[in-house]
Amino acid sequence: MPGYNPSQIEKKWQRFWADQKSFATDAADTWGGGARPKYYVLDMFPYPSGQGLHVGHPEGYTATDIIARYKRAKGFNVMHPMGWDAFGLPAEQYAIKNNVHPRETTANNVNRFRTQLQSLGFSYDWDREVDTTDPHYYKWTQWIFLKLYRTWFDEKLQKGRPIHELIEEFKSGKRAAPGGREWDSLIATERRKVLAEYRLAYEAEVPVNWCPGLGTVLANEEVIDGKSEVGGFPVERRPMRQWMLRITAYAKRLLDGLGQLDWSDSLKEMQRNWIGESEGAEVEFEVSSFPPPEFQVSRNPELETRNLTVFTTRPDTLFGATYMVVAPEHPLMHSGLPEAWEAGIMEKWKYGKASPREAVAAYRQWAASRSDRQRQEDTQKTGVFSGIYAINPVNQKRIPIFVSDYVLMGYGTGAIMAVPGHDERDHEFATKFKLPIVQVVGEKLGEKPEARSQKPVDVRQAAFVEDGVAVNSAWIEGLPTAEAKKKITGMLEERGIGKRMVNYKIRDWLFSRQRYWGEPFPLVHLADGTTVSLVDSELPLKLPELEDFKPTGTIEPPLSKAKDWVNVHVLLERVVENGEEMARVVPAGTSGAVPARRELNTMPQWAGSCWYYIRYLDSKNDKAFVDPAIEKYWLGAPHGNAGPGGGGGVDLYIGGVEHAVLHLLYSRFWHKVLFDRELATSNEPFKRLVNQGLILGEAEFTLFKTREHKPISYEMVDPNVTVDGSLIMSKHKETGEDLIGERVDPADAEKKGDSFVLKSNPSIRVDARSFKMSKSRGNVVNPDDVIKEYGADSLRMFEMFMGPLEQVKPWSTAGVEGVYRFLQRVWRNIFDENDNAKVGGGGQDEATTRALHRLIKKIGDDIERLSFNTAIAAMMEFNNLLAKAPSISVETAMTFARILEPFAPHFAEEVHAKLGGSGSISKQSWPTFDPAMLIDATIEVPVQVNGKLRSRITLPSNADEQAAIAAALADPEVQKYLAGKELKKKIYVRGRMVNLVI
RNA sequence: GCCCGAGUGGCGGAAUGGCAGACGCUAAGGACUUAAAAUCCUUUUUCGCGCAAGCGAAGUGCGGGUUCGACUCCCGCCUCGGGCACCA
């Protein structure tokens, strides 16, 4: 069968590219010569799931492929690699269920993914492929982890520094060792404990979701209403020893670094919110003498010496603090609370408990049992009075201290001063517990008085949270909020009871999992309870082979089953590098060896993806995670860029938005540590980042019916539509009756006014929308099927033609056919019905040549700004022109194929070859255009009268203003509108427009 | 509740202060064909007038503003999408 036939040509060219290594990044060019500029274009590597590729993958991957192919043609040395993020929970769960080793399922999935990606014709350099589960790869993940472990954060320099420099500071006395002791007088165990406090990787007891029924820890997302999502087993919050990474130390730099990045505003905003910087002050409150003299219980002198420190963003409201609240986990609540209620005044806060001590203990227990989800759902304020007081430092008032779970231990100091007059949460609490509410901020009446309400602010009704001026506030009376904050903070600093403080919402990163399928930590635990890292030569520390890798049913991770692997002997004394102590595993009985246990947790899935973009650069290097010169060439800051490491990194990174505050934040963190440790030469990993929009299923029309199958017009349907699998449900707006949605054939729906109705019954409105693709809805499009039917080039082109890359957009099978037809039309413009070239027969008219030059410019511009949909539209327009052209030159056909190549590479190669071109068309450089060819001799210019289009005139393209206006005035159509009127203004925008104002 | 982003034909979208609706889809009509598919041609923002080529008016979520000129910029609202959510 003659004609364009993708199934015949695509495999052929894929084999050709693979055989020729057409897209290998030239390693020799990577360093030294520097003749070609480099361009690094990166995809978020996929998690190779058992489902195979979905149509979302080719969206971003085609976009980067177009850029990669275009940049190569423009003479860049392009890095465009692919790999697999293959550690993780789904592989392990699948393995447990089917009793196969996750290594096997992972290998199968990777092979399937690679085949699928290759069938799309992406121009990856497959020799650089990485797999996070390959020991050759995770050796270096572990190595980087050790770098983090051997790094501490110098607050003064805002920089990560090697641990041995910390040891030197201790030794030299520049930094005081704890307890005022000499560093050299500390024994090894003590030293390890001191250093552990500083490391970027540290162990801590943190509350986790522990599910005894499943024998594992669950992520917050996996817990619903206090029960496990899978199996419905109860989940408890319990503290467990976990590895943490000190990302909080880098909060400020992660925040500030966003400024120099070419990322979307929304994504930067998400990271900003996640890091959550707030400026304010820390204020110390004295804990009041308690009990008062007349109260006959024993005093607690220890408690009285304690201070209660709070963080506030509104120090200006200090005069309005009428009580305090601490989190249930706050150390002040641990002991020393009164054993009896204060006489008389405490009646309303007794809660049926004999003493504050009992009441607080009961409350703490209750609060601990609440899951995060329960807290989120029920935001009713709860709490108990602790029986003790604090003294407000500005007015010496004695104010009660409450315990409540609306204050979180993890943020600030875990304690607040409550200002119910000016904070909504405090107001709600104060109202419930009948605590005093006073106003200390008033409305600023100076500006825009008309905008202020006539009623004065009544803080007893509702908190006034805006800025204003201080009132009832003694020596800051009348000051605007901003100045009041400054003055009061200054005063607190002078008196030594407070200081300016910046706080961050971000928490340290919980970095360990009780899983089998992840990177083992290269650490051992010693008998004295301390931890030592392995020497680098012990890497990779391979996952032990386990027949049974299921969770143990206890809090022990699965690796505990590998008994021989767990218990080892190590040498310490003779393995010290720059003062940093390390462990080398030796046979038992070796002189000087001590027994140790390996760390049993594994790293989370994010570990491998934190640095894979670096490994691609030098993926086979077994001496280093990357050759420094190669790293500098691809990721280093271009010369002359402001600031150390500024402006370097991956040139373009495209991927989904779901990693906004996970992978994209974690990698930035790791990269900054690598930068500080002089292992990376840029301070940010991804200079420019674009998120491709989600592809939804094809638009569906839904008709809602009652249980009795009576159709309900959509205006009677509650707009809150819920989707459960393939079931679409809602409720009747008035009766509340359950309604079930039924699919309607799109051909039976038509638009009427603002909504869609049934053609067969226009009085019934139907719901029209697109849903996220999901297996249960049955609206998933499989790329393999599309390729089989229309070819990879059509799939690629359609996904680029759907709309702007970053936008959410619905799938359309008819749309795929549209671009498929386009490629066929191009083919028929070049080849006759026997597939012989029909171009080159005669001369080519100038209009076609000019159009070609315009096309070259347009496509270049559009690719640069990632506007692929308009680029394709322009190619379609050009092709429509070719269909009408009397004859086409071979050069024009070749150039057109060259321009098509980034989008439809197989098609372009075939055209190129059939027209007599040799080798791969991808090796041809990008066509250039002649600027002179963009300018036509004459131009058509619209003429407006009073801003309304009235006529068009033809002008020589070099016409000046005078000539243009004269021509416009001479136009008979225009004269009709000007007759007898006086011209007030004449405007000519060169080449664009004439506007006459009368 | 707070923070981002977006609202243009039947649908996806184009137009970066200068001709609104490029390009594609859908639909309708026509050509070719014994027929169908494929292909090609025409029409397809709305309303009014006209047998007709055509003519006129309105129109980019709503209300205002800036400008010779606004889908585009500014102010105020509405709706939808996304993120965060007791963060003091």
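Here are the numbers:
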read-out: Test result for residue A:416, under 23 Å from residue A:336 (Cα atoms), near RNA strand B (Cβ under 9 Å from one of its atoms), outside any loop (DSSP other than H, G, I, E, B) and not polar (S, T, N, Q); value: yes
read-out: Residue match in the range A:876-897 (condition: in a helix (DSSP H, G or I), surrounded by 22 or more Cβ atoms within 10 Å (Cβ to Cβ), under 37 Å from the mean Cα position of the chain (by Cα) and within 16 Å of RNA strand B (Cβ to nearest atom)); value: no
read-out: Extreme residue, nearest to residue A:742 (Cα to Cα), among residues of the range A:776-803 that are in contact (Cβ under 8 Å) with a residue 60 or more places away in the chain and open to solvent by 60 Å² or more (accessible area, probe 1.4 Å); value: A:780
read-out: Total residues in the range A:935-965, condition in a helix (DSSP H, G or I) and surrounded by 13 or more Cβ atoms within 10 Å (Cβ to Cβ); value: 4
read-out: Yes/no for residue A:855 being within 13 Å of RNA strand B (Cβ to nearest atom), of a type outside the set (D, E, K, R), touching a residue at least 12 places away in the same chain (Cβ under 8 Å) and open to solvent by 30 Å² or more (accessible area, probe 1.4 Å); value: no
read-out: Residue in the range A:500-517 that is among the polar types (S, T, N, Q), away from RNA strand B (no atom under 16 Å from the Cβ) and under 26 Å from the mean Cα position of the chain (by Cα) present; value: yes
read-out: Count of residues meeting criterion [touching a helix residue (DSSP H, G or I) at 6+ places or on another chain (Cβ under 8 Å), open to solvent by less than 70 Å² (accessible area, probe 1.4 Å), at pLDDT 90 or above and not in a helix (DSSP H, G or I)] in the range A:474-505; value: 3
read-out: Checklist (1) within 9 Å of RNA strand B (Cβ to nearest atom); (2) part of a helix (DSSP H, G or I) applied to residue A:826, failing item; value: (1)
read-out: Residue A:821 in a helix (DSSP H, G or I), out of contact with any Lys or Arg (no Cβ under 6 Å at 6 or more places or on another chain), surrounded by 15 or more Cβ atoms within 10 Å (Cβ to Cβ) and not small (Gly, Ala, Ser); value: no
read-out: Extreme residue, nearest to residue A:361 (Cα to Cα), among residues of the range A:419-446 that are more than 16 Å from RNA strand B (Cβ to nearest atom) and of a type in the set (D, E, K, R); value: A:434
read-out: Restricting the range A:383-412 to residues that are buried (at least 20 other Cβ atoms within 10 Å of the Cβ) and near RNA strand B (Cβ under 7 Å from one of its atoms), the residue that is farthest from residue A:508 (Cα to Cα); value: A:405
read-out: Single unsatisfied condition, residue A:572 versus (1) free of Cβ contacts under 8 Å to residues at least 24 places away in the same chain; (2) in contact with a strand residue (DSSP E or B) (Cβ under 9 Å, 6 or more places away or on another chain); value: (1)
read-out: Matching residues, the range A:859-869, being open to solvent by 10 Å² or more (accessible area, probe 1.4 Å) and near RNA strand B (Cβ under 9 Å from one of its atoms); value: A:861, A:865, A:867, A:869
read-out: Number of the condition not met by residue A:512 [criteria: (1) closer than 30 Å to residue A:281 by Cα; (2) open to solvent by less than 50 Å² (accessible area, probe 1.4 Å)]; value: (1)
read-out: Pick from the range A:247-266, criterion in a helix (DSSP H, G or I) and within 8 Å of RNA strand B (Cβ to nearest atom), ranking: nearest to residue A:688 (Cα to Cα); value: A:265
read-out: Those residues of the range A:912-934 which are part of a helix (DSSP H, G or I) and either open to solvent by 70 Å² or more (accessible area, probe 1.4 Å) or within 16 Å of RNA strand B (Cβ to nearest atom) (or both), in sequence order; value: A:914, A:923, A:931, A:934
read-out: The range A:124-183 - residue that is aliphatic (A, V, I, L, M) and in a loop (DSSP other than H, G, I, E, B) and, of those, surrounded by the most Cβ atoms within 10 Å (Cβ to Cβ); value: A:177
read-out: Among the candidates A:815, A:803, residue that is part of a loop (DSSP other than H, G, I, E, B) and either near RNA strand B (Cβ under 9 Å from one of its atoms) or closer than 30 Å to residue A:865 by Cα (or both); value: A:803
read-out: Condition met for residue A:872 (closer than 30 Å to residue A:823 by Cβ, β-branched (Val, Ile, Thr) and within 16 Å of RNA strand B (Cβ to nearest atom)); value: yes
read-out: Any strands (runs of 3 or more DSSP E) falling wholly within the range A:633-723 and containing at least 2 residues that are more than 16 Å from RNA strand B (Cβ to nearest atom), closer than 22 Å to residue A:82 by Cα and at pLDDT 90 or above; value: A:652-655
read-out: Positions within the range A:389-413 being part of a strand (DSSP E or B) and among the hydroxyl-bearing types (Ser, Thr, Tyr), in sequence order; value: A:389
read-out: Breaking point among (1) under 41 Å from the mean Cα position of the chain (by Cα); (2) in contact (Cβ under 8 Å) with a residue 60 or more places away in the chain, for residue A:908; value: (2)
read-out: Of residues in the range A:982-998 being more than 52 Å from the chain's Cα centre (by Cα) and either of a type in the set (Phe, Trp, Tyr) or surrounded by fewer than 12 Cβ atoms within 10 Å (Cβ to Cβ) (or both), the one farthest from RNA strand B (Cβ to nearest atom); value: A:982
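Listed here are the residues, each with its yes/no results for (1) out of contact with any Asp or Glu (no Cβ under 9 Å at 6 or more places or on another chain); (2) modelled with pLDDT of 90 or more.
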| position | (1), (2) |
| --- | --- |
| A:3 | no, no |
| A:17 | no, yes |
| A:32 | yes, no |
| A:62 | no, yes |
| A:79 | no, yes |
| A:83 | no, yes |
| A:87 | no, yes |
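The values are calculated or read from the model by the stated rules, or taken from the named source; none is laboratory data. This one's a predicted model, so the numbers in the text were calculated from it and none came from an experiment. Positions of Cβ are generated from backbone atoms using ideal geometry, with glycine treated the same way; all protein chains shown enter the neighbour counts. What goes into the accessible areas is simple: the full protein's heavy atoms, side chains included, and nothing from ligands, DNA or RNA. Shrake-Rupley method; radii C 1.70, N 1.55, O 1.52, S 1.80 Å.
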